[in-house]
Amino acid sequence: MSATFLNRPTTVEINLDELARNFHSAKAFIGQDARVMAVVKANAYGHGAVECSRRLEKEGVNWLAVAIPEEGIELRKAGIGCPILVLGGFWPGQESLILEYGLTPAIFDMRAAGLLDRAAKEKGITVNCHIKIDTGMGRVGVRYDRAAEFCDEFVTFENLRVEAVMTHFAAADDLNETDFTNAQMRRFDEILSVFALRGIDPDMVDLANSPAAVAHPLSVRDLVRLGGILYGLGGDVLPSGIEKPDLRPVMALTSKISLVKTVPSGETLGYGRTFTAERDSVIATVPIGYADGFPRSLSNSGSLIVRGAFAPIVGRVSMDWTLIDVTDVPDVRVDDDVIVIGSSGGLSINAEDIARLSGTISYEVTCGISSRIHRVFDPMN
Ligand SMILES: *Cc1c(COP(=O)(O)O)cnc(C)c1O
């Protein structure tokens with residue numbers, strides 16, 4: 001009666017041609033002179049770090065960035081040769097991995113600098129690092145008002161070389177915060193002169209993430225660090241009402257209907273009985289749940305696309321299953337395609353839509369798609 005599946009039919013499809021397209025579109029918009037560091041942390045925001053990095057490398061990306069050394073090691077083991085920045089630095093004991101795998105750490109504390117310097121000295125090498133300045137994000141980075149002291153101590157490390165100085169914006173996506181963004185740039189430029197006075201002259205400086213690169217052209221210096229827009233996640237992280245590069249989603253998430261049942265008016269559905277059928281209804285069961293990263297906060301809100309129509313989610317999203325009301329969609333059958341993220345017949349649901357309904361941003365939605373979901377890459381690389 002029905003097809004056989006080798007896998008549970010819930011699948012993430014990653015369109016690497018769209019990734020390449022977004023990369024070139026962003027580059028054309030930002031300016032061909034700016035070098036691009038593609039941020040592929042957190043498994044490329046859920047899109048598959050190895051496959052995305054391989055393709056971006058082929059398209060001419062200059063740098064890759066990951067959050068932790070383990071992510072960089074995964075890329076090296078897959079044969080990625082591009083320079084890789086580890087945005088979050090490393091933890092004590094990992095300095096030998098940084099050297100072994102040829103990773104470039106962001107440095108923002110003296111302890112890490114000391115450990116790396118010693119490890120480099122033992123090997124008789126000099127290692128490049130990127131100094132991260134906190135100009136107002138308050139997260140990782142040498143606080144801008146302590147940068148001079150940091151510099152004085154840093155220059156005593158003979159086996160470390162400052163390849164870049166960088167900072168990160170707190171609110172580049174919000175045009176009401178442009179004064180603050182400009183203040184961050186000013187602080188950063190002051191630090192660069194503090195560094196220059198102490199003999200630190202980096203090959204490059206970089207500030208811009210996706211929203212800054214698009215909305216704050218003055219923040220585009222030698223390099224831009226692009227994450228979200230490469231994956232086509234422009235909708236909720238770029239300010240509205242400004243000119244933007246043409247971006248397309250890279251990820252689609254699809255499934256197939258597992259069961260269809262008729263439910264008489266008055267019955268309740270799912271955990272907590274949060275939905276009551278107000279008419280005789282046709283209900284379809286879809287094999288996706290919060291263990292897959294489909295947010296439980298979409299319970300009784302949002303829709304999936306079936307046979308070219310929106311079918312509302314009914315009842316609680318559970319760990320492995322979600323129910324949709326297909327009463328108004330004619331002829332729904334088992335094995336019908338279901339679109340969770342993607343488009344069909346003029347209708348679309350993107351990660352931004354899901355994020356809005358669940359009170360978050362698109363990045364959290366795509367990052368959250370769990371490894372339980374099978375990922376398919378098209379084309380293969
Ligand atoms: C994650 C990250 C980025 C990328 O931000 P997007 O908004 O995805 O472009 C850039 N720089 C740093 C330091 C980051 O942590």
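The values are calculated or read from the model by the stated rules, or taken from the named source; none is laboratory data. Since the model is a prediction, treat every value here as computed from it, not as a measurement. All Cβ positions, glycine included, derive from the backbone under ideal geometry; neighbour counts span all protein chains shown.
Residue by residue through segment 119-128, note down the ones that are closer than 15 Å to Leu97 by Cβ and touching a helix residue (DSSP H, G or I) at 6+ places or on another chain (Cβ under 8 Å).
Passing the criteria: Ala119, Ala120, Lys123, Ile125, Val127.
Tell me which residues, restricted to segment 192-212, are more than 16 Å from the ligand (Cβ to nearest atom) and assigned to a helix (DSSP H, G or I).
Across segment 192-212, the qualifying residues are Leu192, Ser193, Val194, Phe195, Ala196, Leu197.
Can you tell me which residue within segment 216-269, out of those that are of a type in the set (S, T, N, Q) and not in a strand (DSSP E or B), is nearest to the ligand (Cβ to nearest atom)?
Top of the filtered list is Ser219.
If His47 satisfies every condition in (1) over 16 Å from the mean Cα position of the chain (by Cα); (2) not in a helix (DSSP H, G or I); (3) not hydrophobic (A, V, I, L, M, F, W, C) but one, which is the exception?
In the conditions (1) over 16 Å from the mean Cα position of the chain (by Cα); (2) not in a helix (DSSP H, G or I); (3) not hydrophobic (A, V, I, L, M, F, W, C), His47 misses (1) alone.
Residue pairs, Cβ under 8 Å, 6 or more apart or interchain, first in segment 106-128 and touching a residue at least 60 places away in the same chain (Cβ under 8 Å), second within 16 Å of the ligand (Cβ to nearest atom) and of a type in the set (Gly, Ala, Ser). List them.
Pairs found: Ala106/Gly88; Ala106/Gly89.
Just a yes or no: is a residue in segment 338-350 under 20 Å from Val260 (Cβ atoms) and within 19 Å of the chain's Cα centre (by Cα)?
yes
Is there a residue in segment 327-339 that is assigned to a strand (DSSP E or B), of a type in the set (Val, Ile, Thr) and either surrounded by fewer than 17 Cβ atoms within 10 Å (Cβ to Cβ) or modelled with pLDDT of 95 or more (or both)?
yes
In contact with an Asp or Glu (Cβ under 6 Å, 6 or more places away or on another chain) and of a type in the set (S, T, N, Q): which single residue out of Ser370, Ser348 fits that description?
Answer to the check: Ser370.
Quick check on segment 137-152: of everything there that is in contact (Cβ under 8 Å) with a residue 24 or more places away in the chain and assigned to a helix (DSSP H, G or I), which residue is farthest from Val165 (Cα to Cα)? Can you show your working first?
Going through segment 137-152, the residues in contact (Cβ under 8 Å) with a residue 24 or more places away in the chain turn out to be 137-142, 144, 147-148, 150-152.
Pick out the ones that are also assigned to a helix (DSSP H, G or I) and you get 144, 147-148, 150-152.
On the way: Tyr144: 12, Ala147: 11, Ala148: 13, Phe150: 13, Cys151: 12, Asp152: 15 Å.
Ranking the qualifying residues of segment 137-152, first place goes to Asp152.
Examine segment 318-326 for a residue that is over 27 Å from Asn15 (Cβ atoms), of a type outside the set (Gly, Ala, Ser), touching a Pro at 6+ places or on another chain (Cβ under 7 Å) and not in a loop (DSSP other than H, G, I, E, B), and state whether such a residue exists.
Checked segment 318-326: at least one residue is over 27 Å from Asn15 (Cβ atoms), of a type outside the set (Gly, Ala, Ser), touching a Pro at 6+ places or on another chain (Cβ under 7 Å) and not in a loop (DSSP other than H, G, I, E, B).
Scanning for something more than 29 Å from the chain's Cα centre (by Cα) and aromatic (Phe, Trp, Tyr), does segment 259-276 turn up at least one residue?
The answer is yes, given that some residue of segment 259-276 is more than 29 Å from the chain's Cα centre (by Cα) and aromatic (Phe, Trp, Tyr).
Report, by residue number, each residue of segment 344-357 that is modelled with pLDDT of 95 or more and either of a type outside the set (Gly, Ala, Ser) or more than 15 Å from Ile14 (Cβ to Cβ) (or both). Explain how you work it out, then say what you get.
Pass one, segment 344-357, residues modelled with pLDDT of 95 or more: 347-357.
Hits for segment 344-357 are Leu347, Ser348, Ile349, Asn350, Glu352, Asp353, Ile354, Ala355, Arg356, Leu357.
Please name all residue pairs, on different chains or six or more residues apart, with Cβ atoms under 8 Å, provided the first residue is in segment 32-48 and is on the phi > 0 side of the Ramachandran plot and more than 11 Å from the ligand (Cβ to nearest atom) and the second residue is of a type outside the set (Gly, Ala, Ser) and part of a loop (DSSP other than H, G, I, E, B).
Final answer for the pair search is Gly46/Ile369.
Looking at segment 55-85, which of its residues are within 14 Å of Gly227 (Cα to Cα) and under 15 Å from the mean Cα position of the chain (by Cα)?
Scanning segment 55-85 gives Leu56, Leu64, Ala65, Val66, Ala67.
Tally up the residues in segment 164-182 that are assigned to a loop (DSSP other than H, G, I, E, B) and free of Cβ contacts under 8 Å to residues at least 60 places away in the same chain, please.
The qualifying residues number 5.
How many residues does segment 63-74 hold that are within 16 Å of the ligand (Cβ to nearest atom), outside any strand (DSSP E or B) and in contact with a Leu (Cβ under 7 Å, 6 or more places away or on another chain)?
Result for segment 63-74: 3.
Here are Ala67, Ala28, Ala78: which of them is at pLDDT 95 or above, surrounded by fewer than 22 Cβ atoms within 10 Å (Cβ to Cβ) and touching a Gly at 6+ places or on another chain (Cβ under 6 Å)? Write out each step before concluding.
Numbers: Ala28 fails: touching a Gly at 6+ places or on another chain (Cβ under 6 Å); Ala78 fails: touching a Gly at 6+ places or on another chain (Cβ under 6 Å).
When all the criteria are applied, what remains is Ala67.
For segment 154-191, enumerate the residues that are among the small types (Gly, Ala, Ser) and surrounded by 16 or more Cβ atoms within 10 Å (Cβ to Cβ).
Of everything in segment 154-191, those that are among the small types (Gly, Ala, Ser) and surrounded by 16 or more Cβ atoms within 10 Å (Cβ to Cβ) turn out to be Ala164, Ala170, Ala171, Ala172.
How many residues, within segment 81-107, are more than 20 Å from Val205 (Cβ to Cβ) and surrounded by fewer than 20 Cβ atoms within 10 Å (Cβ to Cβ)?
10
So, of the residues in segment 340-381 that are surrounded by fewer than 14 Cβ atoms within 10 Å (Cβ to Cβ) and among the charged types (D, E, K, R), which turns out to be nearest to Asn209 (Cα to Cα)?
Asp378
Among the listed residues Leu85, Leu56, Leu19, identify the single one that is within 14 Å of the ligand (Cβ to nearest atom) and over 24 Å from Ala252 (Cα atoms).
Every option except Leu85 fails the conditions.
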